[in-house]
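Report on the following structure.
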Amino acid sequence: MIKKSFDFCLKYEVIWGFYKKGNEYLVFTKSKLIPFMFELFCDCLKKKAKVLDLGCGNGVHVTEQLVKQGFDVTAIDISEKMIHLAKKNVPGAKFIQISMEDIEFKNKFDGIVSSFSIHLLNERDFKITAGKIANALKCGGFFLLFLDENNHKNITYSKTYLKKIFANQGMEFLRIEKETFSTKENQKHSILLCLLQKQ
Ligand SMILES: C[S@@+](CC[C@H](N)C(=O)[O-])C[C@H]1O[C@@H](n2cnc3c(N)ncnc32)[C@H](O)[C@@H]1O
């Protein structure tokens, strides 16, 4: 069941449209570390591994790449519109419209990715989702996390903060990287890229 309001989805779709125009969010074209961390994550997984993509958006940045690697991909998003677009863009994946803090998978996935999605949650839902991610992963499974250092609710994610949240869920950080970009307006925009493993 979708808990979040329709307003939220609409607001998000407006932000997503903005990203697509490339006015603000150029991380996928500018980043050198996103491809590096993505490859590291893929190298940790076996052929045909079961992978969950949390907050898949239109599927073109991550879901499609996961399918191309030959993984068995399930992708979720809160937005009906994003799921509709992603189904068209990535026919090889399974899609579910659900909010990520509501997922109820148990020891099912070898890998989970959250690419610029979990940071959109409030602090409470972020912590709930961290628990759901740990539950959904098999022991030894990997979690690839990309997030903005500052989210849209003015939360700053420090490495220490993230380590504390995920350590409470039995997840160990294998690698954390930070990359900073300058926006057109000459403001600094930092992203964190993390690879974790369930113990
Ligand atoms: C910046 S986009 C990232 C899309 C994709 N992961 C990528 O990297 O290209 C964030 C996505 O998270 C989704 N999202 C936001 N809150 C969510 C939630 N609570 N549960 C599931 N998806 C959510 C949005 O609808 C949007 O499609």
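Derivation of every value follows stated rules applied to the coordinates shown; laboratory data play no part. The model shown is predicted, which means the values in this text are computed figures rather than measured ones. All Cβ positions, even for glycine, are placed from backbone atoms using ideal geometry, and neighbour counts span all protein chains on display.
For the reader, a short list of remarks on this structure follows.
- Packing-based order for 37-45, 50-58, using average beta carbon neighbours within 10 Å, highest first: 50-58, 37-45
- Fully extended contour minus Cα-Cα distance, from Asn135 to Phe105, at 0.36 nm per residue: 10.1 nm
- Against the rule of thumb 2.2 N^0.38 Å, how large the Cα Rg of region 115-187 comes out: 1.18
- Using the Cβ-Cβ distance between Lys48 and Asn168 with R0 set to 45 Å, the FRET efficiency from 1/(1 + (r/R0)^6) comes to roughly 0.90.
- Net charge of neighbours whose Cβ lies under 11 Å from the Cβ of Glu172, counting Lys and Arg as +1 and Asp and Glu as -1: +3
- Within the shell defined by Cβ-Cβ distances under 12 Å, the residues around Ile191 carry a net charge of 0, with Lys and Arg each +1 and Asp and Glu each -1.
- Amide proton proximity set for Ile112, modelled H, under 5 Å, gap of 5+: Leu52, Phe142, Phe143, Leu144
- Region 86-136 shape via C-alpha gyration tensor axes, a/c threshold 1.5: oblate
- Pairs from Lys87/Lys188; Lys138/Lys188; Lys81/Lys138 whose Cα-Cα separation, in the structure shown, is over 32 Å: Lys87/Lys188; Lys138/Lys188
- DSSP bridge pairs, region 6-198: antiparallel proportion in percent, nearest 5: 50
- Karplus-derived HN-Hα couplings along region 47-63 (A = 6.51, B = -1.76, C = 1.60, θ = phi - 60°), whole Hz, x at Gly and Pro: 4, 6, 4, 8, 10, 10, 10, 8, x, 6, x, 7, x, 6, 7, 10, 3
- Rounded if a/c under 1.5, otherwise prolate or oblate - region 6-198, Cα gyration tensor axes: rounded
- Charge tally in the Cβ shell below 14 Å around Thr160, where Lys, Arg are +1 and Asp, Glu are -1, Thr160 excluded: +3
- Cα gyration tensor shape of region 30-140, rounded if a/c is under 1.5, else prolate or oblate by comparing a/b with b/c: rounded
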